[in-house]
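Step one of this worksheet: look at the structure below.
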Amino acid sequence: MTATLTPSETEPSHKPASQRGDRIFAGLARTAGVTIMLSLAAVFIFLAVEGWNGLNAPEATYRPATDFLGYIGPLVLSTILAAVIALIVAVPFAIGIALFISHYAPRRIAGPVAYVIDLLAAVPSVVYGLWGGRYLAEYLQPAHVWMADHLAFLPFFQPPPSPNGRSLFTAGIVLAIMILPIITAISREVFAQTPRLHEEAALALGATRWEMIRYSVFPYARSGMVSGVMLGLGRALGETMAVAMVLAVSPVATLNVIGTAAPATIASNIALNYKEATPSRQSLLIATGLVLFAVTFLVNFAARWVVGRNERKQARA
């Protein structure tokens, strides 16, 4: 007679332990996600509660402006201009370096180059601020003069240029160097994950190296590139000390990025004024922090929408 085994007897003995491990991991992941959401909600609640009085403070609190919109407007404008300058400078370099490391450089060179780029992310922002304010500003001052002489027809390069180079343009260059390793690292990783068969198929059909990258690598890595750029933009929007140490602050709202009349960014304005501020002024500064929080949230939300839209297109293709 042959004995028949029940399903429970044929199952591996380690399955209950595996299921227990899955449940523990799922619980830890869920807890981590909920903790992040609660932390963000707590930050938002703190900024909203503590900064509410700053939205409706006496007129003297907003001096030299007369209301909250007049106070926050120049700060938002300066923050966006500095971040846009940083992106314009950093993104082409970051993508070019990432492509060089992932597809062009020999392995013995790609490794050290990637390591050096990653080291830039470890440099404190204070060091960037000291370097930008004491050396880079003076070095870029002739460039300010050239832009004022040849590009004055644009509102961004109106004369007179900054005599010492401490301008919004210089602050944007410093921010570009600071966000370069973030965009480069993410772009490099997504470029390296492009299916090898796609690249070889493009080359086999007669495509050049650039055509292969254009038609095989970029479409596959588009969502990752957007994510890297948006993370760099978030870093540029929230940077504090480097901008505060480079920028010559003025309360005048202007599009001119090479002159001395440029307002501080939101983050640097908080860092420069919070310690010596009165309670009503502190509420105003916290309210500006709430605006910065909202702007950063909207930027990241837009980035996630773009990434999700691209992923849905790829899934349908």
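The values are calculated or read from the model by the stated rules, or taken from the named source; none is laboratory data. This structure is a prediction, so every number in the text was calculated from the model and none was measured. Note that each Cβ is placed from the backbone with ideal geometry, even for glycine, and that neighbours are counted across all protein chains shown.
Here are some notes:
- Cβ pairs under 6 Å, 6+ apart, first in the stretch 145-174 and touching a residue at least 12 places away in the same chain (Cβ under 8 Å), second among the polar types (S, T, N, Q) and in a helix (DSSP H, G or I): G165/Q141
- Filter result for L55 (in contact with a helix residue (DSSP H, G or I) (Cβ under 6 Å, 6 or more places away or on another chain), surrounded by fewer than 19 Cβ atoms within 10 Å (Cβ to Cβ) and not acidic (D, E)): yes
- Residue match in the stretch 272-279 (condition: at pLDDT below 85, more than 20 Å from L69 (Cβ to Cβ) and part of a helix (DSSP H, G or I)): yes
- Verdict on A86 being crowded, with 19+ Cβ neighbours inside 10 Å, of a type in the set (G, A, S) and touching a Leu at 6+ places or on another chain (Cβ under 6 Å): yes
- S250 vs. criteria over 23 Å from I36 (Cα atoms), modelled with pLDDT under 85 and in contact with a Ser or Thr (Cβ under 9 Å, 6 or more places away or on another chain): yes
- Tally of residues being surrounded by 13 or more Cβ atoms within 10 Å (Cβ to Cβ), of a type in the set (S, T, Y) and over 30 Å from E199 (Cβ atoms) across the stretch 102-154: 2
- So V174, is it surrounded by fewer than 24 Cβ atoms within 10 Å (Cβ to Cβ), among the β-branched types (V, I, T) and on the phi < 0 side of the Ramachandran plot: no
- Only one of the numbered conditions (1) buried (at least 19 other Cβ atoms within 10 Å of the Cβ); (2) out of contact with any His (no Cβ under 9 Å at 6 or more places or on another chain); (3) part of a helix (DSSP H, G or I) is violated by M212, and that is (2).
- Verdict on F191 being in a helix (DSSP H, G or I) and either over 26 Å from I97 (Cβ atoms) or aromatic (F, W, Y) (or both): yes
- Being within 15 Å of L285 (Cα to Cα) and assigned to a loop (DSSP other than H, G, I, E, B) holds for only one residue in A60, A48, A65, and it is A65.
- A248 vs. criteria closer than 19 Å to L272 by Cα, hydrophobic (A, V, I, L, M, F, W, C) and in contact with a strand residue (DSSP E or B) (Cβ under 8 Å, 6 or more places away or on another chain): yes
- Test: residue in the stretch 194-207 that is assigned to a helix (DSSP H, G or I), at negative phi, touching a residue at least 12 places away in the same chain (Cβ under 8 Å) and crowded, with 21+ Cβ neighbours inside 10 Å: no
- Filtering the stretch 236-254 to residues that are surrounded by fewer than 20 Cβ atoms within 10 Å (Cβ to Cβ) and either closer than 27 Å to R134 by Cβ or free of Cβ contacts under 8 Å to residues at least 40 places away in the same chain (or both) leaves G238, T240, M241, V249, S250, P251, V252, T254.
- The stretch 139-167, subset in a loop (DSSP other than H, G, I, E, B), hydrophobic (A, V, I, L, M, F, W, C) and over 27 Å from the mean Cα position of the chain (by Cα), residue farthest from V243 (Cα to Cα): F153
- Filtered residues of the stretch 256-271 (kept if crowded, with 22+ Cβ neighbours inside 10 Å, hydrophobic (A, V, I, L, M, F, W, C) and part of a loop (DSSP other than H, G, I, E, B)): V257, I258, A264
- On the stretch given as the stretch 118-138, residues that are touching a residue at least 24 places away in the same chain (Cβ under 8 Å) and under 16 Å from A248 (Cβ atoms) total 7.
- No other residue among A86, A122 is small (G, A, S), within 24 Å of the chain's Cα centre (by Cα), assigned to a helix (DSSP H, G or I) and on the phi < 0 side of the Ramachandran plot apart from A86.
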